[in-house]
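Trainee: To start, I am sharing the structure in question, which I have written as structure tokens.
The values are calculated or read from the model by the stated rules, or taken from the named source; none is laboratory data. Fair warning: this is a prediction, and the values are worked out from it, not measured in the lab. A quick note on method: Cβ atoms are made from the backbone with ideal geometry, for glycine too, and the neighbour counts reach across all protein chains shown. Each accessible area value is taken on the protein alone, full model and side chains, heavy atoms only, with ligands, DNA and RNA left out. Shrake-Rupley method; radii C 1.70, N 1.55, O 1.52, S 1.80 Å.
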Amino acid sequence: MTVTRTATTFAPPVMEARRWVEGVTFPPDRPLINVSQAAPVEPPPEAMRRAMAEFAMTEDSAHLYGPVLGNPDLRAELAAQISAHYDGKVAPEQVAITSGCNQAFAAAITAITTEGDEVILPTPWYFNHKMWLDMVGVVSIPLPTGADLLPDPETARALITGKTRAIALVTPNNPGGVEYPAELVRAFHDLARETGIRLIVDETYRDFDSRSGAPHDLFGQPDWDDTLIHLYSFSKAYRLTGHRVGAIATAPALLAEIEKFLDTVAICPGQIGQFAALWGMRNLTQWLAGERAEILDRRAAISDGMPALEARGWKLLGLGAYFAYLEHPFDIPSDELARRMVPEAGVLLLPGTMFVPEGDPNGRRQVRVAFANLDRAGIGTLFERLEKLSI
């Protein structure tokens with residue numbers, strides 16, 4: 001019997017988790033706390049929505065095909081802002097716009113691999129990266145991280161074979177939340193350059209990094225685009241998840257290959273989403289700074305609440321951007337715990353088993369909390385429920 005490409009991987013974890021809620025009644029005094037998905041639930045700011053509406057009403061181009069690699073003004077603006085933020089040199093022809101950051105990853109992988117090749121993923125990994133590799137017949141090579149959830153370049157070196165095509169990092173990390181130190185990212189870049197493979201760096205959550213200034217110096221390296229494939233998302237920064245706007249920065253020759261993939265999948269990114277991304281970059285600098293400050297305050301609220309949880313046996317493994325990654329104290333695997341927490345605690349979160357290879361014992365003790373949609377009061381309520389949880 002033929003095994004189809006989609007049958008080679010697992011069901012989408014967030015969609016699977018949502019099914020756990022079906023048929024469960026949540027009393028008015030204990031509504032469901034949903035910390036399963038890392039996405040803004042509020043729309044973009046009103047000024048942006050008005051600008052988007054005006055664009056849709058007055059510009060015929062809002063409803064037409066555009067360039068496959070994205071609109072030139074947006075590519076140029078992003079190149080300029082990357083150059084400024086990272087103190088590097090990025091040209092517009094080194095940037096492409098995609099229909100979301102997941103598509104950016106899929107396009108990059110398709111352009112640099114063939115079936116049977118290998119890509120190294122630190123674990124816990126971002127499950128959509130693993131899913132795409134499965135579906136295109138590329139082998140995911142797990143790179144276990146340490147207690148601090150940081151991968152080790154020398155451990156990665158030992159995993160590189162003649163079939164290795166890339167190492168993929170996510171920083172700030174999904175699911176772990178940890179921010180990779182600049183020197184660690186540079187060490188992985190140097191390893192990739194030395195061994196002739198690509199380094200994919202997914203910085204979807206860059207705008208919520210707690211550090212000021214550039215998180216790494218890769219864009220300042222000579223011929224950075226020979227090695228680096230940089231991925232970015234406008235979704236989290238400007239609440240544009242439904243408009244699907246992401247980006248890739250890498251070598252123009254590789255973008256020419258990526259263009260083939262993009263042209264056969266979506267032809268071009270949506271015009272209204274691209275307009276919104278460009279408008280946001282030009283007009284919402286202060287607003288975005290406020291969003292970052294709010295997320296950092298919620299991160300601080302997680303830290304403030306941990307002592308009470310630690311007294312109950314919980315442990316904080318990673319924290320940053322949208323995520324807290326926790327070790328639970330119960331003598332059951334995390335997937336069973338996560339299902340039971342829905343009716344017993346009114347909490348929907350994702351188990352660590354969704355972020356590691358099947359059978360990995362670490363996943364059985366870990367859970368991910370996507371806290372960005374909870375204010376301080378909501379985080380306090382979440383922690384009260386976790387503290388009272390008895391399994």
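Trainee: Any chance you could list the semi-axes, whole Å, largest first, of the equivalent ellipsoid that the Cα gyration tensor gives for segment 265-318, using √(5λ)? The partial results should precede the final answer.
Mentor: On the way: eigenvalues 293, 60, 6 Å².
Those come to 38, 17, 5 Å.
Trainee: Another one. Along the Cα→Cβ direction, 7 angstrom out, place labels at Val21 and Trp287. What is the inter-label distance in nm?
Mentor: The modelled label-to-label distance comes out at 2.6 nm.
Trainee: Can you work out the Karplus-derived ³J(HN,Hα) for every residue in segment 267-272? Use 6.51 cos²θ - 1.76 cosθ + 1.60 with θ = phi - 60°, whole Hz, and x for glycine or proline.
Mentor: Values, residue by residue: 6, 7, x, x, 5, 5 Hz.
Trainee: Considering amide H positions built from the backbone, and no H for Pro or chain starts, which residues 5 or more places from Asp117, or on another chain, come under 5 Å of its amide H?
Mentor: Here Val139 satisfy the definition.
Trainee: Is any residue of segment 349-363 close enough, with backbone N under 17 Å, to a label point placed 7 angstrom from the Cα of Ala11 along the Cα-Cβ axis, and if so, which?
Mentor: Output list for this probe position: 349-355.
Trainee: Could you point to the residue in Thr6, Ala47, Gly313 farthest towards the positive end of the chain's charge dipole, with +1 and -1 charges on the Cβ of Lys/Arg and Asp/Glu respectively?
Mentor: Positive-most Cα among the choices belongs to Gly313.
Trainee: Which ³J(HN,Hα) values in Hz, rounded to whole numbers, follow from the phi angles of segment 363-379 under the Karplus curve 6.51 cos²θ - 1.76 cosθ + 1.60, where θ = phi - 60° and Gly and Pro get x?
Mentor: The phi angles translate into x, 5, 10, 10, 9, 10, 10, 8, 8, 5, 9, 10, 7, 4, 5, x, 5 Hz.
Trainee: With only alpha-carbon pairs counted, each pair once and no self-pairs, how large is the Kirkwood hydrodynamic radius of segment 127-183 in angstroms?
Mentor: Values: mean 1/r = 0.0793 Å⁻¹.
Across segment 127-183, the inverse of the average 1/r is 12.6 Å.
Trainee: If you take the C-alpha gyration tensor of segment 40-95, multiply each eigenvalue by 5 and take the square root, what semi-axes do you get, largest first, in whole Å?
Mentor: Numbers: eigenvalues 132, 62, 16 Å².
Value: 26, 18, 9 Å, ordered largest first.
Trainee: Calculate the spin-label point distance for Lys163 paired with Glu358, positioning each point 7 Å from the Cα along the beta-carbon direction, and give it in nanometres.
Mentor: Between Glu358 and Lys163, the label points sit 1.8 nm apart.
Trainee: Just to verify a number: FRET efficiency for Glu59 and Val136, C-beta to C-beta distance, R0 = 51 Å, to 0.05?
Mentor: Working: r = 36 Å, r/R0 = 0.71.
Once rounded, the FRET efficiency stands at 0.90.
Trainee: Can you give me the three principal axis dimensions of segment 65-131 from its C-alpha atoms, in Å, biggest first?
Mentor: Over segment 65-131, Cα extents along the principal axes are 37, 33, 18 Å.
Trainee: I would also like to ask the following. Over the chain, with the other protein chains present, what is the accessible area per residue in square angstrom, probe 1.4 angstrom?
Mentor: Values: 16470 Å² over 391 residues.
Using a 1.4 Å probe on heavy atoms only, each residue of the chain averages 42 Å².
Trainee: Hey, another quick one. Calculate one ³J(HN,Hα) per residue across segment 308-313 by plugging θ = phi - 60° into the Karplus curve 6.51 cos²θ - 1.76 cosθ + 1.60, and present them in order as whole Hz with x for glycine and proline.
Mentor: With coefficients 6.51, -1.76 and 1.60, one gets 5, 6, 4, 5, 9, x Hz.
Trainee: Under 19 Å from the Cα of Lys315, which lysines turn up, not counting those fewer than eight places away in the same chain?
Mentor: Lys388
Trainee: Here's something else I'd like to know. Out of the total accessible area of the chain (probe 1.4 Å, heavy atoms of protein only), what percent is carbon and sulfur? Intermediate values should be presented prior to the final figure.
Mentor: Details: 8490 of 16470 Å².
Accessible surface attributable to carbon and sulfur in the chain totals 52 percent.
Trainee: Based on C-alpha coordinates, I'd like the Rg and Dmax of segment 157-239, in Å.
Mentor: According to the Cα coordinates of segment 157-239, Rg and Dmax are 13.1, 41 Å.
Trainee: So, one more: Give the residue list of trypsin sites (Lys or Arg not before Pro) in segment 1-39 that are DSSP loop and have at most 12 other beta-carbon atoms within 10 angstrom. Working shown, then result.
Mentor: Details: sites: Arg5, Arg18, Arg19; in loops: Arg5.
Qualifying residues, ordered by number: Arg5.
Trainee: If I model a spin label as a point 7 Å beyond the Cα along the Cα-Cβ vector, how far apart are those points for Ala256 and Lys89 in nm?
Mentor: Once both label points are built, they end up 2.1 nm from each other.
Trainee: What are the extents of the Cα atoms of segment 272-391 along their three principal axes, in Å, largest first?
Mentor: Extents along the principal axes, in whole Å: 51, 31, 25.
Trainee: So how far, in whole Å, is the C-alpha centre of segment 14-55 from the one of segment 126-165?
Mentor: First find each Cα centre; the distance between them is then 31 Å.
Trainee: With bins 5 Å wide starting at 0, give me the P(r) of segment 1-145 over every alpha carbon pair, in whole percents.
Mentor: All Cα pairs considered, the percentages come to 2, 7, 10, 12, 14, 15, 15, 12, 8, 4, 1, 0.
Trainee: Apply the Debye scattering formula to segment 1-61, with a single equal point scatterer on each alpha-carbon and no solvent, then give log10 I(q)/I(0) at q = 0.17, 0.24 Å⁻¹.
Mentor: Summing over Cα pairs of segment 1-61 leads to -0.83, -1.04.
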